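Peer 1: Have a look at the structure that comes next, please.
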Amino acid sequence: MSVECQEILAPKTLEDSHGPLARFVLKALRFIMISMSLTVAVVIGIAAALRYIFKMDMYGIEDFIIIFAYWLYFSGGAYGAYENSHITADILTVYMKNQKLKRGIICFSSLCTVLLSGLFAFWGWQMFKWQMEKGGASPIWRIPLYVPQSAITLGLTLMTFYFGLHFLENFRLFRQALSAKAER
């Protein structure tokens, strides 16, 4: 998103405007991100120390690290969608002077983001459902593969939800820019 759009969205945050469930989800995402970051770092540090200092191996640790990593990555993605801090290529809107056109492009870009994210969330759900039916498991500890894949489904669903909220705000700003143009 462009800087102008982020400045307008900042005073009324999604966390404050969508009630206790939104605050709970965001706290849960923060907890997951922090705890999974620490867990992955500690486990990899212990595995490296065991392997290179004590010449021992933590058999099957990869089965657990992948679960922590998936939850870290996809909760981070959902939180980035909430913050609207994901990577964009909106260089065009930075140099535009026409507010109506700029808001239209931002709104269209936001709509494309919601639609693509929704498609990926749908595919994530299909993959999760398929894995539940087939019953795949990790190679060493036989952890069901739907455990890490549930992070994909939940993360992409939350990303779609937050992108949808940002689209609605961008659409409101676009309509506002259109009405401001009409008043002149």
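The values are calculated or read from the model by the stated rules, or taken from the named source; none is laboratory data. No experiment lies behind these values; they were computed from the predicted model shown. Glycine gets a Cβ as well: all are built from the backbone with ideal geometry, and neighbour counts include every protein chain shown.
Peer 1: Condition check: within 28 Å of Phe163 (Cβ to Cβ) and not basic (Lys, Arg). Does Asp57 satisfy that?
Peer 2: Answer is no for this residue.
Peer 1: Being at pLDDT below 85 and of a type outside the set (Val, Ile, Thr) is the filter here; which residues of the stretch 74-95 pass it?
Peer 2: His86, Ala89, Asp90, Leu92, Tyr95
Quick grid of which residues meet (1) in contact with a strand residue (DSSP E or B) (Cβ under 6 Å, 6 or more places away or on another chain); (2) of a type in the set (Gly, Ala, Ser); (3) surrounded by 13 or more Cβ atoms within 10 Å (Cβ to Cβ):
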residue: Leu92; (1), (2), (3): no, no, yes
residue: Met96; (1), (2), (3): no, no, yes
residue: Gly135; (1), (2), (3): no, yes, no
residue: Pro139; (1), (2), (3): no, no, no
residue: Gln149; (1), (2), (3): no, no, yes
residue: Leu158; (1), (2), (3): no, no, yes
residue: Gly164; (1), (2), (3): no, yes, yes
residue: Asn170; (1), (2), (3): no, no, yes
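Peer 1: Okay, next question. Do we find a residue being within 14 Å of Ala151 (Cα to Cα) and modelled with pLDDT of 90 or more anywhere in the stretch 38-61?
Peer 2: No.
Peer 1: Hey, among the residues in the stretch 133-171 that are over 23 Å from the mean Cα position of the chain (by Cα) and without any contact (Cβ under 8 Å) to a residue 24 or more places away in the chain, which one's nearest to Ile61 (Cα to Cα)? Spell out the reasoning first.
Peer 2: Going through the stretch 133-171, the residues over 23 Å from the mean Cα position of the chain (by Cα) turn out to be 133-144.
If we keep only those that are without any contact (Cβ under 8 Å) to a residue 24 or more places away in the chain as well, we get 133-137, 142, 144.
Values: Glu133: 26, Lys134: 24, Gly135: 21, Gly136: 18, Ala137: 14, Arg142: 12, Pro144: 15 Å.
By that ranking, first place goes to Arg142.
Peer 1: Testing Asn98 on (1) of a type in the set (S, T, N, Q); (2) within 20 Å of Phe167 (Cβ to Cβ); (3) over 18 Å from the mean Cα position of the chain (by Cα), one condition comes back false. Which one is that?
Peer 2: The failed condition is (2).
Peer 1: While we're looking at this one, here's another question. Regarding the stretch 159-168, can at least one residue be identified that is of a type in the set (Ser, Thr, Tyr) and part of a helix (DSSP H, G or I)?
Peer 2: Yes, because at least one residue in the stretch 159-168 is of a type in the set (Ser, Thr, Tyr) and part of a helix (DSSP H, G or I).
Peer 1: Checking the conditions here, which among Arg142, Arg172 is in a loop (DSSP other than H, G, I, E, B) and of a type outside the set (Phe, Trp, Tyr)?
Peer 2: Arg142
Peer 1: Collect the residues in the stretch 99-122 that are among the hydrophobic types (A, V, I, L, M, F, W, C) and touching a residue at least 24 places away in the same chain (Cβ under 8 Å), keeping them in residue-number order.
Peer 2: Ile106, Cys107, Leu111, Val114, Phe120, Ala121
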